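See structure below.
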Amino acid sequence: MSTNTKRHAAGREAPNVPDGETVPAEAPTNSDTPVRRRRVPEITYSVLVFIGLLVVWQVVVKMFDVSNILVPAPTAVASSLVDGFQDGSLVTHSIVTLKEILLGFGIAVGSALVSAVLITQFRMVERVLFPLLILTQTIPKVALAPLLIIWFGIGISSKVLTVALIAFFPLLINAILGFRSAAYEQVEMLRSFGASRMQVMRHLQIPSALPHIFAGLEVAVILSVTGAVVAEFVGSSEGLGYLIQASNFTLDVARTFAVIVVLSAIGIALHAVVVQLGKWLVFWTATPTDTAGEV
């Protein structure tokens, strides 16, 4: 090895460093260095499990020759689903049910938020109104549905009220907890600086309540779908609940399953919309999904 080559190698092994300074340690390059792997979205596993269940369902039905009147095969349900959309029956009844859900959910949201504000801001309203609201929630909504049919008819009004009654209370409780979640010290500090009741609510209590409110909205929107179907079971001439009863009467179980699939799709879509709105509006809080992904 020549002299220049030796000097060059020595220069690579021990670089010239001024006195009093240290050489920064180089990053390890061995195979022990942890490698970040791309995370698989959680929904992927759910989809795979769902597909696996469908395959098992199909195999069991065909293997044991189960009658379509008892449990139809997934292929029969899919065929009925396609036929329902082609003839327009599923689309027409879905629009009716979706309208009932949205109107009832909107009434529940508005009334629950107003009630929560009044209860948390005025002690007298809490003492008078809150026990009455608790009393109304002890009555099963299924028992109230026939009365609403008698009072408001089999039209959309009775369905909307049933949806509103079922979705109201979960949102009310979460909104009350949210408005009361603001720290007492922060409320007193704002008041000591001369903030009014509305200013305290706007700048402190509403931001503190939003995560709780959206948690209640996620529950309420699912219950709204249940409320609409229950109301249509009691008495209706249109809607997905009516279509389920008509299919059961004709022993068309495949169509019943198809309607259930549509109802599930509506519930999942509405829940996804609420969750996405929560991520946009309450961006400063971590969602349960995000927290689980970090573990």
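The values are calculated or read from the model by the stated rules, or taken from the named source; none is laboratory data. Note that the structure is predicted; figures quoted are calculated from it, not measured. Ideal geometry is used to build each Cβ from the backbone, glycine not excepted, and the neighbour counts take in all protein chains shown. Accessible surface areas use protein heavy atoms only, side chains included; no ligands, DNA or RNA. Shrake-Rupley method; radii C 1.70, N 1.55, O 1.52, S 1.80 Å.
For this structure, a couple of remarks:
- First in region 269-295 and more than 19 Å from L102 (Cβ to Cβ) and at pLDDT below 95, second anywhere and open to solvent by 70 Å² or more (accessible area, probe 1.4 Å) and of a type in the set (K, R), Cβ under 7 Å, 6 or more apart: T287/K279; G293/R39
- Candidate set: region 108-131, residues that are β-branched (V, I, T) and without any contact (Cβ under 8 Å) to a residue 60 or more places away in the chain; chosen: the one surrounded by the most Cβ atoms within 10 Å (Cβ to Cβ): I119
- Residues within region 49-62 that are closer than 18 Å to S264 by Cβ and either open to solvent by 80 Å² or more (accessible area, probe 1.4 Å) or in the same structural domain as S264 (by the TED database) (or both), tallied: 4
The rows are residues; the columns are (1) of a type in the set (G, A, S); (2) at pLDDT below 90.
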{"position": "Q186", "(1), (2)": "no, yes"}
{"position": "S192", "(1), (2)": "yes, yes"}
{"position": "R197", "(1), (2)": "no, yes"}
{"position": "I222", "(1), (2)": "no, no"}
{"position": "A231", "(1), (2)": "yes, no"}
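- Selection count, region 124-141, where residues are more than 18 Å from N174 (Cα to Cα), within 29 Å of the chain's Cα centre (by Cα) and either aliphatic (A, V, I, L, M) or not assigned by the TED database to the domain that holds F169 (or both): 1
- Scanning region 160-193 for residues that are small (G, A, S) and open to solvent by less than 60 Å² (accessible area, probe 1.4 Å), we see that the one that is farthest from the chain's Cα centre (by Cα) is A183.
- D65 passes every criterion in (1) over 23 Å from the mean Cα position of the chain (by Cα); (2) in a helix (DSSP H, G or I); (3) not assigned by the TED database to the domain that holds V219 apart from (2).
- The sole residue among S157, S208 that is touching a residue at least 12 places away in the same chain (Cβ under 8 Å), polar (S, T, N, Q) and out of contact with any Cys (no Cβ under 6 Å at 6 or more places or on another chain) is S208.
- Residue within region 226-238 that is touching a Ser or Thr at 6+ places or on another chain (Cβ under 8 Å), assigned by the TED database to the domain that holds V117 and over 27 Å from F168 (Cβ atoms) present: no
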